[in-house]
Amino acid sequence: MGTPDKRAFWAYFFQALAGAEAGLNANTNIRHTEPEGAMTTRSEGLLQLAYADQKRYGCNFNSQVDRALKPHDPAKTILQPKNNLECGVKILFNQIIVQHKPLLTRSGYWSPLHPDGPRYRVFAKQMTNPPAACGLPTKSTINKAATTKSIRDGADRGETPK
């Protein structure tokens with residue numbers, strides 16, 4: 001895969017992840033209450049990140065400045081798409097390169113990337129619907145005539161190959 005294709009894949013991947021996490025709304029935030037009365041945390045922005053990620057991954061968020069702003073103010077550093085997406089790249093780099101974990105794993109940062117989890121289906125659907133800006137076909141480019149008879153027969157019956 002050439003560099004342009006790799007860039008297109010990762011751009012498309014993060015678009016699908018942002019769609020699954022925040023509905024592509026950069027100002028989305030969700031409150032999480034940890035079990036047994038622990039601290040309440042908030043996930044924010046396109047990739048639903050937290051201020052703790054600033055320290056953990058070196059993200060360009062400033063909780064002190066953001067505290068003075070309203071919860072959905074797009075001026076908040078954590079809600080700015082550039083900051084949020086760059087932080088997401090750092091988190092994914094840590095997972096794949098540093099920790100040697102696969103892209104889809106139950107121990108990953110984002111729940112839509114946990115295989116068989118309820119939010120994984122949302123992510124997978126996002127990945128099958130490329131935005132028009134990608135210029136990609138939405139139908140399969142596989143030549144049915146070139147596949148084996150058993151695969152063709154299974155496809156005709158609506159079966160998924162095993």
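What follows is calculated from the coordinates using simple rules that are stated; it is not laboratory data. In this text, all values refer to a predicted model and were calculated from it rather than measured experimentally. Cβ placement follows ideal geometry from the backbone for every residue including glycine, while neighbour counts extend to all protein chains displayed.
Worth a mention:
- Global geometry of the range 3-135, whether rounded, prolate or oblate, following the gyration tensor of its Cα atoms and the 1.5 cut on a/c: prolate
- Each Lys or Arg adds one and each Asp or Glu subtracts one; over the other residues with Cβ under 11 Å from the Cβ of ASN94, this totals +2.
- Which of GLU86, GLU44 has the fewest Cβ neighbours within 10 Å, and the rest in rising order: GLU86, GLU44
- Remark: the ARG121-ASN27 segment gains 31.6 nm on full extension, using 0.36 nm per residue and subtracting the alpha carbon distance.
- Centre separation in Å (Cα based) which lies between the range 53-110 and the range 15-32: 12 Å
- Loop-located chymotrypsin sites (Phe, Trp or Tyr not before Pro) in the range 6-113 (DSSP state not H, G, I, E or B) with no more than 16 neighbouring Cβ atoms inside 10 Å do not occur.
- Taking other Cβ atoms within 10 Å as a rough exposure proxy, HIS72, HIS114 sort from fewest to most as HIS72, HIS114.
- Links that overshoot a 26 Å alpha carbon limit, given the list LYS90/LYS125; LYS55/LYS76; LYS6/LYS76; LYS101/LYS125; LYS76/LYS125: LYS6/LYS76; LYS76/LYS125
- Cα gyration tensor, the range 70-125 - rounded (a/c under 1.5), prolate or oblate: oblate
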